[in-house]
Amino acid sequence: MPARLLDGKQIAQTIRSEIAQRVQQRLAQQLPPPGLTVVLVGDHPASRVYVRNKRKAAQEVGFVGQVLERSADIRQAELLDLIAQLNADPSVHGILVQLPLPRHIDEAAVIEAIDPAKDVDGFHPLTLGRLTAGHPTFLPCTPQGVQELLVRSGIPTAGVSTVIVGRSNIVGKPLALLLAQKPTPAFPLAGDATVTLVHSRTRNLAELTRSADLLIAAIGHPGFITGEMIRPGATVIDVGINSVAGQVVGDVDFASVYPRAGAITPVPGGIGPMTIAMLLKNTLQAAEALSR
Ligand code: GUN
């Protein structure tokens, strides 16, 4: 039997409709619309596309979505000033600085300058620390998108042998925390899974991936996971967004994995739309906390 296709685009659309309804309820109560500001530094072509999609999605659910563009030679002090202004602006509930930043900018310093109450990306060390401690505020968008997709698809994670391939700050590391955490009232989305985090230096990588009932690829390497690396019937989540000869492809070699998997996310149309939906969810959450 071919794998079940997990339609992230459809699930993300449902979430966006739910958010749009909550925005209308806010407006009916004379509360301001949630405001999301995305800061784009330089001319990275992929970043430009991502940022445009984020603003469009924000505007479609009734947020005030704006993109502030700055040239690649901006001084770090100027960028930090801009963030201080956004921190102080009551109409801005969420701030996202698109990564990567130019090499002369200290990325960690920029992320730490964002008010944690407006950290809708979930990248601030305080936000990540709260996730680690089991009482999160904002969950990083892509890990949260993976978990929401699993929950809304009825795929259980409690006790499930899970292997995450990739240890990035944006996906692998926080996803491992989110999936391994015991659920509590403060953290209902926690996965309760048995998590192994593997990466480019892992020796017996294929042996480990074959042991997984839930396999998540977030390594940024096109087609890295092939059919013989998965357990038949496993759920395979592909977080990769790679550009190969003008085509967007994932970290999973779909042609060889699809016939063996139990369920799989496509690229595009899997985790990508979920990430944007979670950014909207976090921004709504920020607005609700900041302007009650
Ligand atoms: N660059 C690639 N993905 C992301 C993301 O989720 N957030 C930010 N800020 N930059 C990114």
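The values are calculated or read from the model by the stated rules, or taken from the named source; none is laboratory data. Being a predicted model, the structure only gives us computed values, none of them experimental. Don't worry about glycine lacking a Cβ; one is built from the backbone with ideal geometry, like all the others, and counts go over all protein chains shown. With ligands, DNA and RNA removed, areas are computed over all heavy atoms of the protein, side chains included. Shrake-Rupley method; radii C 1.70, N 1.55, O 1.52, S 1.80 Å.
Residues considered: 78, 60. Of these, the only one that is more than 13 Å from the ligand (Cβ to nearest atom), under 30 Å from residue 10 (Cα atoms) and surrounded by fewer than 19 Cβ atoms within 10 Å (Cβ to Cβ) is 60.
Scan the stretch 82-121 residue by residue and report those that are among the aliphatic types (A, V, I, L, M), part of a loop (DSSP other than H, G, I, E, B) and either within 14 Å of the ligand (Cβ to nearest atom) or closer than 14 Å to residue 40 by Cα (or both).
Let us first name the residues in the stretch 82-121 that are among the aliphatic types (A, V, I, L, M), namely 82-84, 86, 88, 92, 95-97, 99, 101, 105, 108-111, 113-114, 117, 120.
Pick out the ones that are also part of a loop (DSSP other than H, G, I, E, B) and you get 92, 99, 101, 105, 114, 120.
Correct list: 99, 101, 105, 114, 120.
Quick grid of which residues meet (1) within 16 Å of the ligand (Cβ to nearest atom); (2) open to solvent by 20 Å² or more (accessible area, probe 1.4 Å); (3) of a type in the set (Val, Ile, Thr); (4) over 22 Å from residue 270 (Cα atoms):
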{"site": "140", "(1), (2), (3), (4)": "yes, no, no, no"}
{"site": "161", "(1), (2), (3), (4)": "no, yes, no, no"}
{"site": "169", "(1), (2), (3), (4)": "yes, yes, no, no"}
{"site": "172", "(1), (2), (3), (4)": "yes, no, no, no"}
{"site": "192", "(1), (2), (3), (4)": "no, yes, no, yes"}
{"site": "209", "(1), (2), (3), (4)": "no, no, yes, no"}
{"site": "213", "(1), (2), (3), (4)": "no, yes, no, no"}
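Among the residues of the stretch 265-280, those identified as surrounded by fewer than 24 Cβ atoms within 10 Å (Cβ to Cβ) and either farther than 22 Å from residue 216 by Cα or over 11 Å from the mean Cα position of the chain (by Cα) (or both) are 266, 267, 268, 269. Within the stretch 233-249, residues that are within 16 Å of residue 220 (Cα to Cα) have Cβ atoms under 8 Å from residues that are polar (S, T, N, Q) in these pairs: 236/265; 237/265; 238/265; 239/142; 248/242; 249/242; 249/243, counting only partners at least 6 apart in sequence or on another chain.
Residues of the stretch 142-173 being among the aliphatic types (A, V, I, L, M) and either in contact (Cβ under 8 Å) with a residue 40 or more places away in the chain or closer than 17 Å to residue 225 by Cβ (or both), which ones? Within the stretch 142-173, 146, 149, 150, 155, 160, 163, 164, 165, 170, 171 meet the criteria. Number of residues in the stretch 249-292 that are at pLDDT 95 or above and either part of a loop (DSSP other than H, G, I, E, B) or within 23 Å of residue 3 (Cβ to Cβ) (or both) equals 28.
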